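Every number here is computed from the coordinates shown, using simple stated rules; none is lab data. The model shown is predicted, which means the values in this text are computed figures rather than measured ones. Every residue, glycine as well, gets a Cβ built from its backbone with ideal geometry; the counts of neighbours run over all protein chains shown.
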Amino acid sequence: MKYEINYGTLAVMPNNENNSLIYEDKERYIIEETPFKIMEDSCKYFGSTYKGRKDSAKDILGAEYKVPIIVEDTNNLIVFPTTSPSAEDCVWISLNRVKNFEAIDSTNTKIIFDNEMEIIVPATFRSIQNQISRATRLDYILRKRKNI
């Protein structure tokens, strides 16, 4: 089964080396693809490549690593990585679905989504805070450009 990130997607997490756990609204799915492959396929599904989306985000933000990705640009469907996208433990989080987040300990953060579902990711509070800030800035810039 193939999976494309959509407006119901909350998070795409690695489950083991060859599959992913998808959190979508109140459902969870196991997909036999890595989170990175799901990202690549989702970008293609919406008419671009992961590399193209990554390069665009880098140019817009002036950032070099862990850039958020605009999966679908009509409505700014933006996801951000919790670590380097090539890392085995990278989780992709949908920006527009995040309601809140809080530190669990020095290396883990709880993400609370707008439907009250919660996940714990292996990333520091500060790292998640930075990623949300970066993704929010990308969203703001894109919305500003569309309104001009």
TODO: Enumerate the residues in the range 114-138 having an amide nitrogen under 15 Å from the point lying 7 Å beyond the Cα of N147 toward its Cβ.
DONE: 137-138
Open item on the list: Starting from the 7 Å offset along Cα-to-Cβ, what nm value, one decimal, do you get for the label separation of D41 and N108?
Closed with: 2.9 nm
Open item on the list: Students often get this wrong: which residues of the range 40-66 have the backbone nitrogen under 15 Å from the point 7 angstrom along Cα-to-C-beta of Y29?
Closed with: 40-43, 45-46
TODO: Using Rg/Rh (Cα atoms, Kirkwood Rh) as the read-out, say which of (1) 1.06; (2) 0.97; (3) 0.93 was calculated from these coordinates.
DONE: (3)
